[in-house]
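J.: Shown below is the structure under consideration.
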Amino acid sequence: MEKFTKPMDISLKCECDVVVVGGGPAGFCAAAAAARNGARTVLVEQNGYCGGMATGALVGPFMTSYNKSGTRMIVRGMFEEVINRLVEQGGAIHPKYCRAGGPEAGYHFRGHDHCAPFDPEILKRVIDEMLTEAGVKILYHTSFVEPVTEQNCMKGIIVSSKNGMESIWAKVVVDASGDADVAYRAGVPCMIGDGKKGTMQPATMFFRIGNVDSDRLNAEIEANKDRIDLYIDGVRHGAFHWKIQEAKKNGDFSIDRWVVGLYRGVKKDEWSVNISRIGNVNGTDSESLSQAEVIGRQQVEEIFRFLKKYIPGCEDAVLLASGSTIGIRETRHIKGEAVFCAEDVLEGRIPDDVILLTSSSIDVHGTVGGAGTKYLTIENGEWYGVPFRCLVPLNIEQLLVAGRSISATSEGAGAVRVMPPCMEMGHAAGVAAAMAVKEQCLVRNVNIKKLQAQLVEEGSFLG
Ligand SMILES: Cc1cc2nc3c(=O)[nH]c(=O)nc-3n(C[C@H](O)[C@H](O)[C@H](O)COP(=O)(O)OP(=O)(O)OC[C@H]3O[C@@H](n4cnc5c(N)ncnc54)[C@H](O)[C@@H]3O)c2cc1C
């Protein structure tokens, strides 16, 4: 598919080696990695800050970066660098201190060992520092509009900003938009959600609260610890479900969930609230997203009132902030050279072209009615690997896709969509893009052994 065959009509913003679209967990790591490896790199981000869901939607904590038995950190490289920088600035608790079943894990056990709370404000600054130090040209307030292609090869992108429409010429493009916006518009086959019914995971408006008496909250959990992992009609009834039941009876809780998702923050009295749930949101459609924002803020109001009235320790809580954007778990999955699927997770498969190892569980919300979640943990071994081929789309050259929209089934993506693996996908995409530029080869053909060696050199763990 040819787009903008006469891009000269649009004024030139700049020329570079690598342009990254989207500054979420995958995108900022891709940009920093490409620049550190010698590529002249531009990062295009529609917001005025990086971090994607981690900052804009207030999503947290960082899900596990450890092996299945919780004995060693395996998602390392760029993720570990981010954690260490955050910890140094008082902006995170290192995952080694956060154990399954604890407040940082939202009192979850399975798959939630070594989650790491972080402060989204400090994360914004840490990312700015990493990008600036690496020499990335940052274009905030700039949205990707269309790809520029020639004979099925990416030549650059068209962006829109206060300056109007401009073009950016690049030798390699990394699509880290989360929605595969670039790939989709460049003609890469994509699947929405589960591909069959087009069903996507529900959206959530995260918010943060402060001034919580955390000792009282923990004591309530301690007193009810035998009740927090019940399954009723296939739906997990987690922390404080007994309070939801009481509130539902009183007409004080209308949301289709049976768990009060409270995750302790870096400061003891601050908590992230993951309770809101909005079905049938199409994150690739601005009208649907707009409705979700409105409903999300209504839900925040209802949930906040519920917390203050029903949850011990939350009586004097204050609302610190709700997400400045709705949390979107899933939209498009590209079709790439390989498709990552549930069996890869459950059987602990490690492909030859592995770019990261993780033990993240399959976590697909809204599968049993609105309230249920399909949650499956790795069955075989301590970890599984994500192949480089899942970042390489069909039908177009010089494009990589990193983050939650890589080539995967809905279940496969449901495992690797969490932030630590997304950061390492970005890391690999950035190194591969820079290698392709340096060696003047197609990015699809980069030498995998060299890519893996460079990732290991930069602190990644590949077994
Ligand atoms: C409700 C919810 C709960 C979650 N819980 C957790 C959790 O507890 N722990 C965990 O680790 N993960 C969690 N996740 C998953 C995780 O947050 C995301 O999957 C992850 O952030 C994906 O990273 P990404 O870089 O692929 O995309 P995103 O974080 O979505 O970032 C994409 C970036 O691209 C930018 N962008 C998009 N389109 C354009 C465009 N056209 N032009 C310019 N910029 C663009 C966006 O502004 C954004 O900055 C959760 C997600 C949600 C929604």
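Nothing in this text is a laboratory measurement; each read-out follows from the coordinates by a stated rule. Remember, predicted model here, so these are calculated numbers, not experimental data. So basically every Cβ, Gly included, is an ideal-geometry build from the backbone, and we count neighbours across all protein chains shown.
J.: Just in the stretch 307-411: which GluC sites (Glu not before Pro) are loop by DSSP and have at most 15 other Cβ atoms within 10 Å? Write down the numbers at each step before the final one.
T.: Details: sites: GLU315, GLU330, GLU337, GLU343, GLU347, GLU379, GLU382, GLU397, GLU411; in loops: GLU315, GLU330, GLU337, GLU347, GLU379, GLU382.
When the GluC sites (Glu not before Pro) of the stretch 307-411 are filtered for loop state and at most 15 Cβ neighbours within 10 Å, GLU315, GLU337, GLU347, GLU379 remain.
J.: How much of the DSSP bridge set in the stretch 318-453 is antiparallel, in percent, rounded to the nearest 5? Intermediate values should be presented prior to the final figure.
T.: Values: 9 of 10 bridges.
Here the share of antiparallel DSSP bridges comes out near 90 percent.
J.: Quick query: amide H of ARG236 versus all other amide H atoms, modeled in the peptide plane; which residues come in under 5 Å with a sequence gap of 5 or more or a different chain?
T.: Long-range HN contacts for ARG236: THR373.
J.: Taking LYS249 as the anchor, which lysines have their alpha carbon closer than 16 Å to its alpha carbon, excluding any fewer than eight residues away along the same chain?
T.: Within reach: LYS309.
J.: Just to confirm my numbers, what's the Cα centroid distance between the stretch 391-463 and the stretch 27-46 in Å?
T.: What the calculation gives is 13 Å, centre to centre.
J.: Give the residue list of chymotrypsin sites (Phe, Trp or Tyr not before Pro) in the stretch 87-144 that are DSSP loop and have at most 16 other beta-carbon atoms within 10 angstrom.
T.: PHE109, TYR140
J.: Residue separation times 0.36 nm, minus the C-alpha to C-alpha distance between ILE350 and GLU379: what's the value?
T.: Details: separation 29, 0.36 × 29 = 10.44 nm, distance 1.37 nm.
Gain on stretching ILE350 to GLU379: 9.1 nm.
J.: What is the distance, in nm, between label points placed 7 Å from the Cα along the Cα-to-Cβ direction at LEU12 and at GLU121?
T.: The modelled label-to-label distance comes out at 4.3 nm.
J.: With a cut-off of 20 Å, note down the residues of the stretch 419-440 whose backbone N falls inside the zone around a label point 7 Å from the Cα of CYS153 toward its beta carbon.
T.: The answer is 432-440.
J.: Taking the Cα-to-Cβ direction at ALA453 and at ARG216 and moving 7 Å from each Cα, how far apart do the two end points lie in nm?
T.: Between ALA453 and ARG216, the simple spin-label model gives 6.1 nm.
J.: Compute the distance in nm between two label points, each set 7 Å from the Cα along the Cα-to-Cβ direction, one at LEU230 and one at GLN440.
T.: Those two pseudo-labels are separated by 6.9 nm.
J.: Just how far, in whole angstrom, is the stretch 287-326 from the stretch 265-283 if you go by their alpha carbon centroids?
T.: Cα centroid to Cα centroid, the span is 8 Å.
J.: Are there any trypsin sites (Lys or Arg not before Pro) in the stretch 235-304 that are in a DSSP loop and have at most 11 other Cβ atoms within 10 Å? List them by number. List each step's numbers first, then the result.
T.: On the way: sites: ARG236, LYS243, LYS248, LYS249, ARG257, ARG264, LYS267, LYS268, ARG277, ARG297; in loops: ARG257, LYS267, LYS268, ARG277.
When the trypsin sites (Lys or Arg not before Pro) of the stretch 235-304 are filtered for loop state and at most 11 Cβ neighbours within 10 Å, nothing remains.
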